[in-house]
Amino acid sequence: MGGSALAFLEATVEDAPQIAELLNAVILARDGTALTMPVSVEEERRYLDATLPRGWVLLALRGTDLLGFQSVQLFSGMLGEVGTYMAAQSRGQGIGRQLTERTAETMRNRQVSCLLAEIADANARGRRAYQSWGFRPARPGTVAALKSQPSEGKTYLELCLKG
Ligand SMILES: CC(C)(COP(=O)(O)OP(=O)(O)OC[C@H]1O[C@@H](n2cnc3c(N)ncnc32)[C@H](O)[C@@H]1OP(=O)(O)O)[C@@H](O)C(=O)NCCC(=O)NCCS
């Protein structure tokens with residue numbers, strides 16, 4: 001489907017199989033996620049069921065092929081935790097940036113104040129990507145609001161959205 005246009009679509013629970021497949025490829029490559037065990041379609045379905053009512057998962061598609069996705073889990077105080085996963089062959093093409101621009105606009109409209117990203121210190125590419133999308137070192141208050149115990153070996157970056 002190489003000739004199809006890039007499209008962005010909000011996920012539903014019905015997208016669980018494709019999302020789990022992409023996520024499992026990232027997990028198996030030990031490539032930028034703290035997850036070490038593959039997720040089942042049922043687990044992904046439960047995650048989407050719990051996340052989507054208040055949060056958001058945005059898919060990047062070409063035709064029916066899932067190239068990547070960005071998720072936001074919303075917490076009290078209108079803070080969200082963001083995760084971004086691109087298929088290996090779709091990285092470095094600015095698609096993560098486009099996902100972030102769309103996510104930020106939607107979250108701003110929903111009065112979300114800041115998005116927090118937790119990135120492994122070893123994941124230099126991930127850190128560079130979030131920084132190039134406008135994320136900055138998170139203030140201790142933002143981290144404390146979302147993480148009862150900040151993890152060792154993680155970098156926290158935040159993107160604050162003006163009203
Ligand atoms: C991190 C990730 C989401 C970036 O998505 P992407 O669509 O490839 O990113 P973009 O193309 O928008 O690039 C954004 C920036 O990342 C950096 N970058 C992208 N590809 C890179 C590469 N191959 N090597 C080094 N830096 C790279 C560049 O600084 C780029 O900025 P620029 O556009 O100003 O040059 C993607 O690489 C990925 O899915 N990695 C595995 C999962 C992960 O680590 N997620 C982050 C933690 S949730």
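What follows draws every value from the coordinates through simple rules; no lab data is involved. Just so it is clear, the model here is predicted, and its values are computed rather than measured. Note that we place each Cβ from the backbone using ideal geometry, even for glycine, and neighbour counts take in every protein chain shown.
Run lengths n ≥ 4 of DSSP H only: what is the helix-derived mean residue ellipticity at 222 nm for the chain, with -39500 (n - 2.57) per run over all residues, to the nearest 500?
Computed mean residue ellipticity for the chain: -10000 deg cm²/dmol.
Looking at segment 21-118, which GluC sites (Glu not before Pro) are DSSP coil and have at most 15 other C-beta atoms within 10 Å of their C-beta?
Of the GluC sites (Glu not before Pro), not one in the loops of segment 21-118 has a Cβ with at most 15 other Cβ atoms within 10 Å.
Pairs of Cα atoms under 8 Å, at least six residues apart: use those to get the relative contact order of the chain, whole percent.
That works out to 20 percent.
Just how large is the dipole of segment 31-106 about the Cα centre, in debye to the nearest 20, putting +1 at every Lys and Arg Cβ and -1 at every Asp and Glu Cβ?
Dipole magnitude for segment 31-106 comes out near 180 debye.
Could I have the simple spin-label model distance between ALA88 and GLU42, label points 7 Å from Cα toward Cβ, reported in nm to one decimal?
Taking the two extended label points, one gets 2.9 nm.
Exposure proxy check: SER76, SER151 ranked by fewest other beta carbons within 10 Å?
SER76, SER151
Per residue of segment 114-120, in order, report the coupling 6.51 cos²θ - 1.76 cosθ + 1.60 (Karplus, θ = phi - 60°) as ³J(HN,Hα) in whole Hz, putting x for Gly and Pro.
Values, residue by residue: 9, 10, 10, 10, 10, 10, 4 Hz.
Which part of segment 37-56 falls in the paramagnetic zone of LEU28, meaning amide N under 18 Å from the point 7 Å along Cα-to-beta-carbon?
37-44
In terms of the Cα gyration tensor, with a ≥ b ≥ c the square roots of its eigenvalues, is the chain rounded because a/c is under 1.5, prolate because a/b exceeds b/c, or oblate?
Rounded shape, in that the Cα axes give a/c under 1.5.
What's the exposure ranking of THR51, THR84, going from fewest to most Cβ atoms within 10 Å?
THR51, THR84
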